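So the structure is just underneath, and the comments pick up after that.
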Amino acid sequence: MCGIVGYKGKRQAAAIIIDSLKRLEYRGYDSAGIAIFNGKAIEVHKEKGRIIDLEKVIPDISGTVGIGHTRWATHGRPNKINAHPHTSGDIAVVHNGIIENYQQLKERLSQSGYNFVSETDTEVLAHLINYYHKSDLIEAVLSALKEIKGSYAIAVLCGNELVAARKDSPLIIGLGEGENFVASDIPAILKYTRKVIFLNDLEVAYVDQDRVTFFDTEKREIEKKVNTIEWNLEAAEKSGYEHFMLKEIHEQPRALHDTFAGRIYELEGNIVFDGLKLTESRIKDISRISIIACGTSYNAGFLGKYLFEQLSGIHVDVEIASEFRYAHSSPGSLVIAISQSGETADTLAALREAKSSGCRTLAITNVTGSTITREVESVIYTRSGPEIGVAATKTFISQLAVLYLLALYFGKIRGKISQDRMKRMLVSLKHIPAQITRLLNDKEMIIKFASVFKSSNDFFFIGRTLNYPIALEGALKLKEISYIHAEGYAAGELKHGPLALITQNTPVVAIATKGLTYDKVVNNIKEVKAREAPVLAIADEKDSEIEKYVDSVIRVPTTEEIFSPVLSTVVVQLLSYYIAKARNCPIDQPRNLAKSVTVE
Ligand code: AGP
C-alpha cells in the first residue's frame with residue numbers, strides 16, 4: 001500500500017502535491033518523492049523517511065504539473081534509490097501495487113539495453129512505458145499495462161502530460177476549476193475539491209488542466225460519473241469508517257490478495273517466495289521449528305504450529321518471546337520470528353538468543369527495513385499495508401496467509417503434499433478473500449449479539465485444534481479494545497478448572513466449524529449450556545445441526561477445514577469491535593497500549 005498523487009493546473013504543483021501526500025501518509029511512510037515538469041525537463045526529488053523529510057530537500061521548483069508518492073515498501077528496501085518516482089528517459093512513474101511478473105520483464109528490458117538502478121518492481125513500468133513511447137503517451141501506457149501481471153494504480157508524467165490508470169489498487173480523479181488531481185484516496189484532495197471520479201479497473205485517464213478524458217484498454221473514450229463527496233476530512237481518512245480498526249478489518253480481502261500476489265501459482269501447484277534463502281535440501285533437513293512472537297503474532301504462530309505439523313510433518317514449538325530467553329529451551333534448527341512491526345523488543349531479544357545457538361532464522365513481518373529484517377537470513381513480508389489501529393487485524397490475517405504458504409511449500413518439498421493436493425489447496429486458499437468479503441457484508445447477527453452482551457464482565461472463547469489459536473486471538477482482541485475480561489481456552493480443557501466460572505453471566509463464543517473435533521466441541525458446548533452460559537457458535541454455513549445446542553449462530557462460508565480459522569478470525573474481530581463500540585471505548589487507541597512495543 002502506497003499513496004500516489006498527481007496535479008495539473010494553474011498553481012505551483014510541488015506545494016499541492018506535498019500537501020496532498022501528507023494526507024496519504026497513513027498508506028505508507030518509509031520514503032517519498034515528487035517529479036515536477038519545470039517547463040524544460042522533469043525534476044525528481046526523493047528522500048528516505050516521511051514527507052516532512054522530503055520537504056526539507058526540495059528546492060524551489062516552478063511547474064504546474066507533477067506527480068508524487070509516499071511509499072510502503074514491498075520490493076526493495078526503503079531508501080532514496082527505491083523511492084518513487086522512477087524514471088526512464090523523459091518518463092516518470094509513481095505506482096501503488098505489486099507487479100508480479102517484474103522479474104521476467106526486467107530481464108527482457110535489460111536485454112534491450114535498459115539500465116535498472118533500483119530494487120523495485122515499479123522501475124520496470126517506467127522502462128516499459130518508455131519502450132512503447134513514440135508520440136502518444138496514452139498508447140504507450142496502454143501497451144505497457146497489457147504486459148503487466150499484478151495490481152497497479154499509477155500516475156505517469158511525460159513533459160507536461162499526465163496520465164493515470166488502475167487495476168486492483170484504488171485511484172480517483174479530482175475535478176477542480178482550471179486544475180485536476182489524481183490521488184490514491186479522497187483525503188488527499190478534499191481540501192481542493194469535492195468533485196471526484198472513481199477510476200475502475202483497466203481504465204485510463206488523460207488529465208489536462210481543464211479536462212479529464214477517460215479511456216478503456218482499447219483507447220475508446222468512456223463517460224464517467226462525477227460524485228460529490230460529503231464527508232469531512234477525518235471521516236475521509238478512514239474512508240468513511242468510524243474507526244481505523246473497522247477500516248482495517250474491511251481491508252483484509254485486499255491485504256490477503258497482496259500477500260498472495262506473485263506467490264501462488266494454483267494451476268501449476270507451485271508457491272514462490274522472493275525472500276526465502278533456504279534451499280530445498282535445507283528445508284528437507286529441518287528437524288524442528290521454533291516460532292517466537294508476542295501477542296497477536298504469537299497467536300498466528302500458534303496456528304502455524306498446527307499447519308507445519310499437519311502439512312509438512314515438522315515438529316514446532318511456539319514460544320512467547322519474552323519467556324523464550326529465560327526458559328533455557330534449545331531452539332529448533334529453524335527459528336521463525338513473527339512480528340507485524342519488526343521492532344518488538346522481546347521478539348528481537350529472543351531472536352538474538354536463538355541466533356547465538358547457530359540456528360537458521362526467518363522473519364515474517366509487515367515493515368520493510370525494520371530491525372528484525374536486518375537480523376535474519378530470510379524475510380517474508382506480509383504486505384498488509386500500514387496498520388494504524390493498535391489492535392492488529394489485517395496484519396494477523398496476512399501472517400496466517402504467509403504461514404499457510406510456508407507450511408504448504410515445506411510440505412511439498414518434504415514429500416508430504418502431492419501436486420494434486422497442492423493445486424486443490426491453493427485454489428481453496430485463493431477463494432478466501434472473496435469469502436471474507438461475503439462475511440463482511442453480513443454483520444447484522446454480530447452487531448445484535450454485541451449489543452446484548454456489551455455489559456458482560458467476562459467472556460470465554462473456546463475452540464479445539466486449529467480453532468484454539470483463534471479462540472486465544474478472539475479473547476485478546478476483546479480484552480484489548482473493550483476492557484472486558486476474556487479467556488481463550490482449548491474447549492476440552494474447560495472441565496479441568498474454568499468450568500467453575502461458567503454461569504448465566506459468562507457468554508461463551510464457541511468456534512465450531514466442521515472438522516475433526518466438531519463432535520467434541522458440540523459436547524463442550526453442551527457442558528457450558530448445562531451451566532446456563534449464553535453460547536454464540538461460529539459455524540459452517542451448511543451446518544443445520546448446531547442451532548439445536550446454542551443461542552445464536554454466526555455462519556462462515558464453507559472451505560477446507562484447515563483454512564476455516566481465517567474466516568472465524570474475521571468473526572471474532574468484528575465481535576470484539578462491535579462490543580467495544582457499544583461500550584464507547586476508544587477503539588483505535590486502547591488505554592495503556594502502544595502499537596509497537598520497543599521495550600523489554
Ligand atoms: C495485538 O492486537 C497487539 N497490538 C499486540 O498483541 C501485538 O500483536 C504485539 O505487541 C506484537 O507486536 P508485533 O507483531 O509488532 O511484534
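Derivation of every value follows stated rules applied to the coordinates shown; laboratory data play no part. Treat the numbers as computed from the prediction; the structure is a model and nothing was measured. As a convention, Cβ positions derive from the backbone with ideal geometry for all residues, glycine included, and neighbour counts pool all protein chains shown.
The table below lists the values:
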read-out	value
Base-10 log of normalised Debye intensity for segment 190-344 (one unit scatterer per alpha-carbon) at q = 0.16, 0.18 Å⁻¹	-1.05, -1.22
Simple label model, 7 Å out from Cα along Cβ direction - E268 to L440, nm	3.0
Cα point-scatterer Debye curve for segment 3-236, base-10 log of I(q)/I(0) at q = 0.15 Å⁻¹	-0.93
For the chain, share of DSSP beta bridges that run antiparallel, in % to the nearest 5	60
Convex hull of segment 247-436 built on C-alpha atoms - directionally averaged projected area, nm²	9.7
Qualifying trypsin sites (Lys or Arg not before Pro) in segment 1-102, DSSP loop, other Cβ atoms within 10 Å at most 12	K10, K40
Packing-based exposure ordering (other Cβ within 10 Å, fewest first) of F181, F244	F244, F181
Sparsely packed GluC sites (Glu not before Pro) within segment 161-265, loop by DSSP, other Cβ within 10 Å at most 11	E177, E218, E223, E230
Residue order, fewest to most beta carbons within 10 Å, for M445, M425, M245	M445, M425, M245
Coarse-grained scattering of segment 78-156 at q = 0.15, 0.16, 0.21, 0.26 Å⁻¹, given as base-10 log I(q)/I(0) from a Debye sum over alpha-carbon atoms	-0.44, -0.50, -0.91, -1.46
Integer Hz, Karplus 6.51/-1.76/1.60 couplings in order for segment 320-325, x for Gly and Pro	5, 4, 6, 9, 3, 5
Shape box of the chain [Cα atoms, principal axes, largest first, Å]	78, 55, 45
Calculated FRET efficiency for the pair E547/K520, C-beta based, R₀ 22 Å, to 0.05	0.75
Relative exposure of E47, E444, E480, E387, judged by other C-beta atoms within 10 Å (fewest first)	E444, E47, E480, E387
The chain, helix-only ellipticity at 222 nm - DSSP H runs n ≥ 4, -39,500 (n - 2.57), divided by all residues, nearest 500	-10500 deg cm²/dmol
Long pairs among K430/K454; K355/K416; K238/K394; K134/K224; K305/K514, criterion Cα-Cα beyond 23 Å	K430/K454; K355/K416; K134/K224
Orientation-averaged projected area, Cα convex hull of segment 442-582 (nm²)	7.1
Aspartates and glutamates whose Cα lies under 12 Å from that of K595, excluding same-chain neighbours fewer than 8 positions away	E343, E387, E480
